[in-house]
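Have a look at the structure below, then the notes.
The values are calculated or read from the model by the stated rules, or taken from the named source; none is laboratory data. Fair warning: this is a prediction, and the values are worked out from it, not measured in the lab. Note that each Cβ is placed from the backbone with ideal geometry, even for glycine, and that neighbours are counted across all protein chains shown. When the accessible area is computed, the model is the full protein with side chains, heavy atoms only, and any ligands, DNA or RNA have been set aside. Shrake-Rupley method; radii C 1.70, N 1.55, O 1.52, S 1.80 Å.
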Amino acid sequence: MIFRVIFSTMIVQMKQSFARPMFRFCLLANPMLNTILLYEMYKNSGEENFMAYVVLGAGLMGLWGCICFSSAGDINRERYSGTLSLIFVAPTSFPIIILGKIIGNTLMSLLTLGISLATAKILFGIDLVLESPGYFLIALLASVITFIVISSVIACLLTLSRKTELYMNCIEIPMSLICGFVFPVSVLAPQVRIISYILSPTYAVELMRMAVWGVIDTTLFWEKMSILILLTIIYTLISVFLYKKIDRRVRIAATLEVA
Amino acid sequence: MEKVICVKDLKREYHKKSGLFKKNKNIVKAVDGISFDVYEGEIFGLLGQNGAGKTTTIKMLTTLLAPTSGQCQVLGYKTFGEEKNIRSKINFIFGGEMGVYRRLSARDNLRYFSNLYLIPANLQKERIDNILELVDLKDRADDLVETYSKGMIQRLQIARGLINDPEILFMDEPTVGLDPVGARMLRDIIRKLKAQGKTVLLTTHNLSEVEELCDRVVIINKGKVIYGGTPEEIKGDSLSLEDAYVKLIEEVSE
């Protein structure tokens, strides 16, 4: 039954999201534009493998943008369309429904990586090198899971507030910068890097980048993967704790509806 | 008859903050110590002016809102704390055009809510077809809801409210915006539900609807119950229920 709820929620979410022009822009146009921008920035930088920063960077920025504006923004859309209260009081547990929405969005948002890759190939004709495809797939899978868990925490917190749009705009760009989607976090100030390394996407990006360049030091790859898994487990526990809290809190604070 | 809703000295306050730097806290008493019981198979009306506390009461009964204090029980369970025992057995319909997914078809909406209400897959198709026929949406069932008229959206809301075959149906101004044919259709549905032994709690401003449908009503004003009884008892010697209602409201407002 739970899988049917998750699957049907995924399908509903994908249909709903794709019907929105803003989501289509984030999913299709945004990665193309980001790829062009990043290619122009990196073409004289000395970095020869454009896969590492241009394609991956633009794809991840697009992926994160879609997650922010859909997984997080959906809470507000549901609130304004009067369906948030309906799904909240359905016999299915609310976190399961939110999980279905987030999985649907995240899987669809993975298209940004493909679009970014196609843009780089078609527009600039550059050779895109992926040295360790097996490791890349493992890193990508871990990244998808960690993004789903992070989205779940964000969606949960946004259920508590009606200022959802403000918050999702506040987290979109900073997350891309702090987690090093388009440049290595080593260029950031040491104080900022502390934040980078408590955020799991930082490790996800580093692992994918390692796979693009070719994993020479497998110990280092698995070390980073272990940290990523550990952080994802911690976020999952936080998410479970928060959902238990918000179940009471939203009904006390009356934030499920607009008025 | 068994008591299915029990409300005793129920209160709900909203805390509102105003001011940019110096926050002023205002407490709004939306529901201020109301009490009433509803019995199985009854059609029970909750009447009152706009802002009287009807919707807040329904939201507490449907497990959407936590009461500030007092007793609020549905089917013998607390609506805050024991809601898991209640949710699969109730449903609610709020008037207006909210509460449906506009970028899905009516059938997809109902299929999705069937899944959320954990209705077995083998029962879903037949139930959805029957409900679509009941609310007269079968011909447009596969069109996107965003192409529907206001009345059609409201009928879809009604269909959604019936999807889990609820023991108790809560309706908050369900006929607002419905054309006379749609409103009559809804009244027929409510009567059918009563014939099946279901309980309906409804709020409405349409007093002829109350006279026609409700077994008992309570009138709420500024969060307090000011009268309770059958529509005939409220009407008393007045020419109409509306006259009696207006008189009661004016008396307490003086």
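What dipole magnitude, in Debye to the nearest 20, does chain A give about its Cα centre under +1 on Lys/Arg Cβ and -1 on Asp/Glu Cβ? The partial results should precede the final answer.
Numbers: 19 positive and 14 negative charges, 227 e Å.
In debye, rounded to 20, chain A gives about 1080.
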Please compute the average number of Cβ atoms from other chains found within 10 Å of each residue's Cβ in peptide B:97-103. 6
Loop only per DSSP, at most 11 neighbouring Cβ atoms within 10 Å: give me the chymotrypsin sites (Phe, Trp or Tyr not before Pro) in region A:183-252, ordered by residue number. none
List the GluC sites (Glu not before Pro) within region B:1-66 that fall in a DSSP loop (any state other than H, G, I, E or B) and whose Cβ has at most 11 other Cβ atoms within 10 Å. B:2
Counting partner chain Cβ atoms within 10 Å of every residue's Cβ in A:80-87, what's the average? 6
Could you give the nm distance between label points at residue B:188 and residue A:222, where each point is 7 Å from its Cα heading toward the beta carbon? 7.1
Under a point-charge model restricted to the Cβ atoms of Lys and Arg (+1) and Asp and Glu (-1), what is the dipole moment magnitude of the protein assembly as shown relative to its Cα centre, in debye to the nearest 20? 1000
Pull out a ≥ b ≥ c, the square roots of the eigenvalues of the alpha-carbon gyration tensor of region A:182-259, then state rounded if a/c is under 1.5, prolate if not and a/b is larger than b/c, and oblate in the remaining case. prolate
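Just flag the chymotrypsin sites (Phe, Trp or Tyr not before Pro) in region A:92-184 sitting in loop per DSSP whose Cβ has no more than 10 other Cβ atoms within 10 Å. Mind dumping the intermediate values first?
On the way: sites: A:124, A:135, A:136, A:147, A:167, A:181; in loops: A:181.
Answer in residue order: no site qualifies.
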Partner shielding of B:51-60, as the mean number of partner chain Cβ atoms within 10 Å, equals 1
Which residues make up the longest stretch of chain A that has no trypsin sites (Lys or Arg not before Pro) in a DSSP loop with at most 13 other Cβ atoms within 10 Å? A:44-162
So what's region A:2-253 giving for Cα Rg divided by 2.2 N^0.38 Å, two decimals? 1.02
Using 11 Å as the cut-off for backbone N distance, which residues of region A:2-44 belong to the label zone defined by a point 7 Å from the Cα of residue A:118 along Cα→Cβ? A:28-29, A:32
With the cut-off at 1.5 for a/c, could you classify chain B from its C-alpha gyration tensor as rounded, prolate or oblate? prolate
Using a 1.4 angstrom probe on the protein heavy atoms only, line up A:192, B:135 by accessible area, largest first. A:192, B:135
In whole Hz, with x marking every Gly and Pro, tabulate ³J(HN,Hα) for region A:4-16 from phi via Karplus 6.51 cos²θ - 1.76 cosθ + 1.60, θ = phi - 60°. 5, 5, 4, 5, 5, 5, 4, 5, 4, 4, 5, 5, 5
Which longest run of chain B has no exposed loop site in it, a site being trypsin sites (Lys or Arg not before Pro) in a DSSP loop with at most 10 other beta carbons within 10 Å, and the site itself not part of the run? B:24-254
With contacts defined as alpha carbon pairs under 8 Å and 6 or more residues apart, what's the relative contact order of chain A in percent? 26
For the protein assembly as shown, build the charge dipole from Cβ charges (+1 Lys, Arg; -1 Asp, Glu) around the Cα centre, then report which of B:245, A:21, B:27 sits farthest towards its positive end. B:27
For region B:155-215 versus region B:1-58, the gap between their alpha-carbon centres in whole angstrom: 21
Once all protein chains are kept in place, residue B:5 shows an accessible area at probe 1.4 Å, nearest 10 Å², of 0
Which one, A:148, A:110, B:98, is farthest towards the positive end of the dipole of the protein assembly as shown when Lys and Arg carry +1 and Asp and Glu -1 on their Cβ? A:148
Specify the residue with the greatest mean-square fluctuation among B:171, B:185, B:98, computed from a Gaussian network of chain B linking alpha-carbon atoms under 10 Å apart. B:98
